[in-house]
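Visitor: Before anything else, here's the structure in question.
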Amino acid sequence: MEEQFPIKKIIDDQGNLIDSSYEKEINEELVKKLYYHMSRIRLFDRKAISLQRQGRIGTYPPFEGQEASQVGSVLALDSEDWVFPTYRDHGATLTFGADMTRTFLYWNGRAEGCVPPEGKNIFPAAVPIATQIPHAVGAAWAEKRKGTKNVAIAYFGDGATSEGDFHEGLNFASVFKTPTILFNQNNRYAISVPVEKQMNSKTIAQKGLAYDIPSVRIDGNDVFSVYFETKKAVERARQGEGPTLIEAVTWRTGAHTTADDPTKYRPEGQGEDVINPIERLENYMKNNDFWDEKWIAKIETELTEEVESALEAMEKYPPANPEDLFDHVFTNTPSQLVEQKEAYLELIGRE
Amino acid sequence: MNVKMEKQSEQKETTQQLTMVQAVNDAMKTMLEHDDTTIILGEDIGKNGGVFRATEGLQEIFGEDRVVDTPLSEAGIVGTSVGLAVNGFKPIAEMQFMGFVYPAYDQIMTHVSRIRMKTMGHFSVPMVIRTPYGAGIRAPEVHSDSAETLFTHMPGIKVVCPATPYDAKGLLIAAIEDPDPVLFMEPMRSYRAQREDVPTGKYSVEIGKGEKVQEGTDVTVIAWGAMLPVAKQAAKQAEQQGMSCEVLDLKTLYPLDRDLIAESVQKTGRAVIVHEAHGTGGLGNDIMSVINDTSFLYLRAPIERVTGFDVPVPFFALEEHYMPTPKRVLQSIEKAVHF
Ligand SMILES: Cc1ncc(C[n+]2csc(CCOP(=O)(O)OP(=O)(O)O)c2C)c(N)n1
Ligand SMILES: [Mg+2]
């Protein structure tokens, strides 16, 4: 199976182009766009970790190491498409246009963090593993029924492939030939369980075979292979050719969440040889005359300011309102719930 | 009856000061040693020792065959546990959080709870499903549910929920030894809240029996798990206002200790029931039925319930507003006493 699904790469760790068929398609504009977004989400991610340590937000699941997978895939979409992320995919949603202040709010225990900007089809992060996969299939199915060219992408991890919802989602996507991109980030661990213990299959891509879903295994740290392979899948979907399963092999650099201690289960030194995706892109930029120090300094300043001001806005956000507990459960709040709300507000009003 | 005395007489020579999560660990260790058909299955329970460290160190002692890191599949964990249980093993299945038990609900509802009945006793599933539950630790979304009534409503499975380290160990051992399936709910907020003396050996606390943890005369306050400390705090405040509260820790949610409830309410004539789960369809309603059936003529005030609201357990910024607080419990105590 590993031979049938070789890991596709366009650049190697040192940033050398190894698949020259993409030479023409990689231009300065694309390179800068990818670099910009990967740098941006890394700053966000590192900021979130430090905020958690200071007690300014809650438990946080870092995505460092997976920037190429998230940015490369989501930039292959158009603005009308749908995104169905997990808790670890805020890099993808931020790149797709999610609001950064609200993303901080999400990790500060606020439902406001689930509300996408108007017109952006970004579903709330799925916390129950694999549950978002059938949702993406359904949203894509709806686009197909409506006769649009829009697609939906479902993000999920290696661990998610063990849940029934993964298999049920793939089967529906296959049966109804929905325009869905099934984008797996195989970061090699599901909390503490390595992928070799999660499954006996050698690849995740091969799971597409059972459902007759075309699948591809790519180097998830090579942002070009992520971007171009996702583009191909998106094109197929728009042409009415149905779903694609993409296995992006990557590496979770940090802990599962800020509450996790990976030294308990990862062999010492594991992953040290993984060149992180931003460094890899930098190598490519240096090799190809795209390395523009002035531009990089400029975006670093801009991005730092953006993250700082999003954080400031999060911290200045009006405090969570207890009325919100009750007000959004139904379109018309049933009287018994109205009574609960009023009695409670009266009680806390007495303080 | 002096509860403390009775506990002491049960105690073996040696005890250790343990938190609840350590007591849970100790119960499993005790049973893995005692009975080699006992096995543990779950996500991240082996090498990692569980996300709350409830199974810390057990895989090192008992090996990967008995403390098994499974694939990420709750239906798979419970479904294979059924097969293991009908074929000679005693599985302890961990659901990492109660909010993630739902994929396994089908297995529990349609098989775990019915196998004994539908085979007229030929097959049984002596298994335990352990799961941390409840809000109050600023966990991410869905991690904070209290879903006990989905299981107390389900005929054929017992539901247990300790509030102290001592009871956690004793009840978990009883659950593992029970010939029928038991859902074992662990209040994650209480995991490390208190230490107490826990016997080092094997002992059990009887399933189906609650305990009067505080004597009183004016009103009976009924709680379990993470709500017991809340009920006790409210009772203390009420005491300062001259209202004497009797506090019951139910410990087992199915079957209910009807005698304990009836005896207390017949004495005080008033009841306040506290639970973290939503009010509608909550266990408080069943407890009200017990009181209605056994003690109606003794009542001096309508029964009060203090529960989570009828809304999905919120994101953590609002969780303090969702959960019953001592203030809300006190309000209901006042209402009952001054009726
Ligand atoms: C149904 C369900 N079971 C258990 C969990 C607890 N949990 C959270 S993340 C996780 C591991 C997920 O691994 P993977 O799918 O590889 O995604 P990653 O975290 O590596 O991005 C588990 C078990 C959950 N969120 N949902
Ligand atoms: Mg993973």
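Rule-based calculations on the coordinates, nothing more; no lab input. Keep in mind that what you see is a predicted model, and the values were worked out from it rather than measured. FYI the Cβ positions are ideal-geometry reconstructions off the backbone, even for glycines, and counts take in every protein chain you see.
Visitor: Determine, for the range B:2-199, the count of lysine pairs separated by eight or more sequence positions (or lying on different chains) whose alpha-carbon distance falls under 16 Å.
Guide: The result is 7.
Visitor: Residues of the range A:57-78 with the amide nitrogen closer than 19 Å to a label point 7 Å from the Cα of A:I348, along Cα-to-Cβ, please.
Guide: Output list for this probe position: A:58.
Visitor: Select from A:T178, A:T331, A:T93 the residue whose mean-square fluctuation is largest in a Gaussian network model of chain A (Cα-Cα springs shorter than 10 Å).
Guide: A:T331
Visitor: 7 Å from Cα along Cα→Cβ at both A:D212 and B:K212: what's the point-to-point distance in nm?
Guide: 7.1 nm
Visitor: Could you work out how far apart the two model spin labels at B:Q16 and A:N200 are, taking each label as a point 7 Å from the Cα in the direction of the beta carbon, and quote it in nm?
Guide: About 3.7 nm, to one decimal.
Visitor: Return, for the Cα atoms of the range A:1-158, the radius of gyration and Dmax in Å, separated by a comma.
Guide: Answer for the range A:1-158, Rg first and Dmax second: 17.0, 49 Å.
Visitor: To the nearest 0.05, how large is the calculated FRET efficiency for B:R258 and B:K118 if R₀ is 22 Å and r is the Cβ-Cβ distance?
Guide: E between B:R258 and B:K118, to the nearest 0.05, is 0.20.
Visitor: Using only the alpha-carbon atoms, how far is helix A:132-146 inclined from the longest principal axis of chain A? Give it as 0 to 90 degrees, nearest 10.
Guide: The helix A:132-146 is inclined about 80 degrees to chain A.
Visitor: Of the cross-linked pairs A:K120/A:K177; A:K47/A:K316; A:K120/A:K231; A:K9/A:K202; A:K316/B:K236; A:K120/A:K298, which ones have a Cα-Cα span greater than 26 Å in the structure shown?
Guide: A:K316/B:K236; A:K120/A:K298
Visitor: Taking the Cα atoms only, what angle lies between the long axis of helix A:277-287 and the longest principal axis of chain A, rounded to 10 degrees?
Guide: The two axes meet at around 40 degrees.
Visitor: Taking only Cα atoms, what is the 0 to 90° angle, nearest 10, from helix A:164-175's long axis to the longest principal axis of chain A?
Guide: For A:164-175 against chain A, the angle is about 60 degrees.
Visitor: Take the alpha carbon atoms of chain A, find their radius of gyration, then divide it by 2.2 N^0.38 Å using N residues; give the quotient.
Guide: Computed over Cα atoms of chain A, the ratio equals 1.03.
Visitor: Here's another thing I want to ask about it. Kindly provide the helix-only [θ] at 222 nm of the protein assembly as shown, computed as the sum of -39,500 (n - 2.57) over DSSP H runs of four or more divided by all residues, to the nearest 500 deg cm²/dmol?
Guide: Mean residue ellipticity at 222 nm (helix-derived): -12000 deg cm²/dmol.
Visitor: Assuming a ≥ b ≥ c are the square roots of the Cα gyration tensor eigenvalues, decide whether the range B:2-199 counts as rounded (a/c under 1.5), prolate (otherwise, with a/b larger than b/c) or oblate.
Guide: Rounded is the answer for the range B:2-199, as its axis ratio a/c remains below 1.5.
Visitor: Separate question: How do B:H34, B:H278 rank when sorted from fewest to most other Cβ atoms within 10 Å of their own Cβ?
Guide: B:H34, B:H278
Visitor: Using +1 on the beta carbon of Lys and Arg, -1 on that of Asp and Glu, and nothing else charged, what's the dipole of the range B:33-147 about the Cα centre, debye to 20?
Guide: The dipole of the range B:33-147 has a size of about 480 debye.
Visitor: What translational diffusion coefficient, to the nearest whole µm²/s, does the range B:47-152 have by Stokes-Einstein, given a Kirkwood radius computed over alpha-carbon pairs, a temperature of 37 °C and 0.692 mPa s viscosity?
Guide: Rounded to a whole number, D works out at 221 µm²/s.
Visitor: At 20 °C and a viscosity of 1.002 mPa s, what translational diffusion coefficient does Stokes-Einstein give for the protein assembly as shown, taking Rh as the Kirkwood radius over Cα pairs? Give it in µm²/s as a whole number.
Guide: Reported coefficient: 79 µm²/s.
Visitor: Starting from the 7 Å offset along Cα-to-Cβ, what nm value, one decimal, do you get for the label separation of A:N287 and B:N292?
Guide: Here the modelled spin labels are 7.6 nm apart.
Visitor: Please identify, among B:A235, B:A23, B:A75, the residue showing maximal mean-square fluctuation in a Gaussian network model of chain B using a 10 angstrom Cα cutoff.
Guide: Its mean-square fluctuation being the largest, the pick is B:A75.
Visitor: Among all helices in chain B defined by DSSP H, which have a length of 27 Å or more along the axis from Cα atoms plus a Kyte-Doolittle mean of at least -0.5?
Guide: Qualifying helices: none.
Visitor: Any aspartates and glutamates with Cα under 15 Å of the A:K8 Cα? List them, leaving off those in the same chain fewer than 8 positions away.
Guide: A:D19, A:D219, A:D222, A:E229, A:E247
Visitor: Only counting other Cβ atoms within 10 Å, I'd like A:T250, B:T325 sorted with the fewest neighbours first.
Guide: Fewest-to-most ranking of A:T250, B:T325: B:T325, A:T250.
Visitor: Below 23 Å, Cα to Cα, which lysines can A:K294 reach? Residues fewer than 8 away in the same chain don't count.
Guide: Leaving aside lysines fewer than 8 places away in the same chain, those within reach of A:K294 are A:K32, A:K33, A:K286.
Visitor: Select from the range A:1-108 those GluC sites (Glu not before Pro) which occupy a DSSP coil region and have at most 12 other Cβ atoms within 10 Å, ordered by residue number.
Guide: A:E2, A:E3, A:E23, A:E25
Visitor: For the range B:211-337, what mean projected area does the convex hull of the alpha carbons give, in nm²?
Guide: Dividing the Cα hull surface by four gives the mean projection, 7.1 nm².
Visitor: Taking the Cβ of each residue in B:E211, B:E276 as the centre, tally the other Cβ atoms inside 10 Å and list the residues starting with the fewest.
Guide: Least to most surrounded, the residues fall as B:E211, B:E276.
Visitor: Related question: Mind checking the mean number of beta-carbon atoms from other chains within 10 Å of the Cβ atoms in A:158-169?
Guide: Averaged over the peptide's residues, the number is 3.
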